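Only one structure is covered here, and it is reproduced in the block below.
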Amino acid sequence: MRVLGIETSCDETAVAVVSDDGGRFVIEKNALASQAQIHARYGGVVPEVAAREHAAFLFPLLVEAGVPRDGEGIDAVAVTYGPGLVPALRVGVEAAKALSWSWKKPLVAVNHLEGHIYSVWFSKFPPLPKGGSGGVAFTPLFPALCLLVSGGHTELVLMRDHGVYEVLGMTRDDAAGEAFDKVAKLLGLPYPGGPEISREALLGDASAIHFPRPMIASGDLDFSFAGLKTAVRVYLASQTAVPLADVAASFQQAVVDTLVLKTLHAVAKVSPRSVILSGGVSANRLLRETLGDALREQHPGLSFHVPDASLTGDNAVMIAMCGLMRAKRGEFVDPLTLVADPNARL
Ligand code: KG4
Ligand code: ZN
């Protein structure tokens, strides 16, 4: 089975082809156009601008990925239908519906967060050649505890099997990535803020300023990052000269400590067989290392999976992979009626 994946939920336009060759999942094509630099001018993603760029880039990317015009060899089309920005999602959804309808190939609707989980299926191979093929997937052990950390979401989810999810906790306000982006803005750093803050943090002292670790003793598995952002703002207002690197390092440490502690609480509560870290914030080295070290120390029997560095951010490989698993189960949607859902849940 060979599946075309399309992703346009935020500011990356992406197209990929993933195939299943007798239980071996292979990335055949992986093409992506990032709009991050365009949105950096506005300090964040502007939905209408994102939609315009997706519309301009999607078909050139299909050509770049070598997708045949008649769909020959493609068995199903998978597309992100939500969550995300409606004008952006619509571009991918309408294009996927048109392809599915005209090719007479089945359509799979993929939840973007479920897609991020499937990005770790391709975590055990040498880095992907740029835009090219490669990579063979594996399956983590179930039940798997997933820490999903992106620009729009922060959730702890128990994955009991393919397509079977239980949300254990989520943020009550800002997502972890959103906190990075907002604090970066306070510090005068460009969008997206996560990579900028982690770069600045390398030069700073993470124990220089004590920022709160929100809700670590709340007894549940929810998060809240809005107060942490406010704590940074209050601190900055109290200073005449801003120690940029120290603020970045101390803030990053507070976010990482909170995410790691909550994940350890969840492990104790649900006893998973593996832990998956994914979403854009999973690019953060301190988070990958701190969580990996804590799990190895405290739960040596547990396997820990993070996406390959090339697949932490939004991409279509994860959408095609997730779509392929759904297609194998025959979970198709009607290409005449699928609509984008900005609030889609797992
Ligand atoms: O998954 P993603 O690419 O898009 C969404 O689905 O939201 O996540 C984007 C988020 C942004 O908030 C960005 O600042 C954050 O991921 N991010 C990072 C790092 N790289 C990207 N946050 C912390 N450290 C990083 N190295
Ligand atoms: Zn994402």
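The values are calculated or read from the model by the stated rules, or taken from the named source; none is laboratory data. All of these numbers come straight from a predicted model, not from anything done at the bench. Glycine also receives a Cβ, built like all others from the backbone with ideal geometry; neighbour counts cover every protein chain displayed. Keep in mind that these areas ignore ligands, DNA and RNA; they rest on the heavy atoms of the full protein, side chains included. Shrake-Rupley method; radii C 1.70, N 1.55, O 1.52, S 1.80 Å.
Annotations
- Counting the residues of the stretch 241-274 that are within 27 Å of residue 141 (Cα to Cα) and either among the small types (Gly, Ala, Ser) or outside any helix (DSSP H, G or I) (or both) gives 6.
- Tally of residues being within 16 Å of ligand 2 (Cβ to nearest atom) and either open to solvent by 10 Å² or more (accessible area, probe 1.4 Å) or in contact with a Cys (Cβ under 8 Å, 6 or more places away or on another chain) (or both) across the stretch 284-300: 1
- Answer from 110, 120 - the residue that is open to solvent by less than 10 Å² (accessible area, probe 1.4 Å), under 17 Å from residue 346 (Cβ atoms), within 16 Å of ligand 2 (Cβ to nearest atom) and modelled with pLDDT under 95: 120
- Residues that are aliphatic (A, V, I, L, M), away from ligand 2 (no atom under 16 Å from the Cβ), within 22 Å of the chain's Cα centre (by Cα) and modelled with pLDDT of 95 or more do occur in the stretch 267-283, at least one of them.
- Filtering 17, 26 for residues that are surrounded by fewer than 21 Cβ atoms within 10 Å (Cβ to Cβ), more than 15 Å from ligand 1 (Cβ to nearest atom), within 21 Å of residue 107 (Cα to Cα) and under 21 Å from the mean Cα position of the chain (by Cα) leaves a single hit, 26.
- Pairing residues of the stretch 137-151 that are away from ligand 2 (no atom under 14 Å from the Cβ) and outside any loop (DSSP other than H, G, I, E, B) with residues that are open to solvent by 40 Å² or more (accessible area, probe 1.4 Å) and among the charged types (D, E, K, R), at Cβ distances under 8 Å and at least 6 apart in sequence or on separate chains, gives 144/273.
Residues checked against (1) under 23 Å from residue 271 (Cα atoms); (2) surrounded by fewer than 22 Cβ atoms within 10 Å (Cβ to Cβ):
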position: 140; (1), (2): yes, yes
position: 143; (1), (2): yes, yes
position: 147; (1), (2): yes, no
position: 150; (1), (2): no, no
position: 155; (1), (2): yes, no
position: 161; (1), (2): yes, yes
position: 169; (1), (2): yes, yes
position: 179; (1), (2): no, no
position: 183; (1), (2): no, no
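- Residues in the stretch 224-245 that are without any contact (Cβ under 8 Å) to a residue 24 or more places away in the chain and touching a Lys or Arg at 6+ places or on another chain (Cβ under 6 Å): none.
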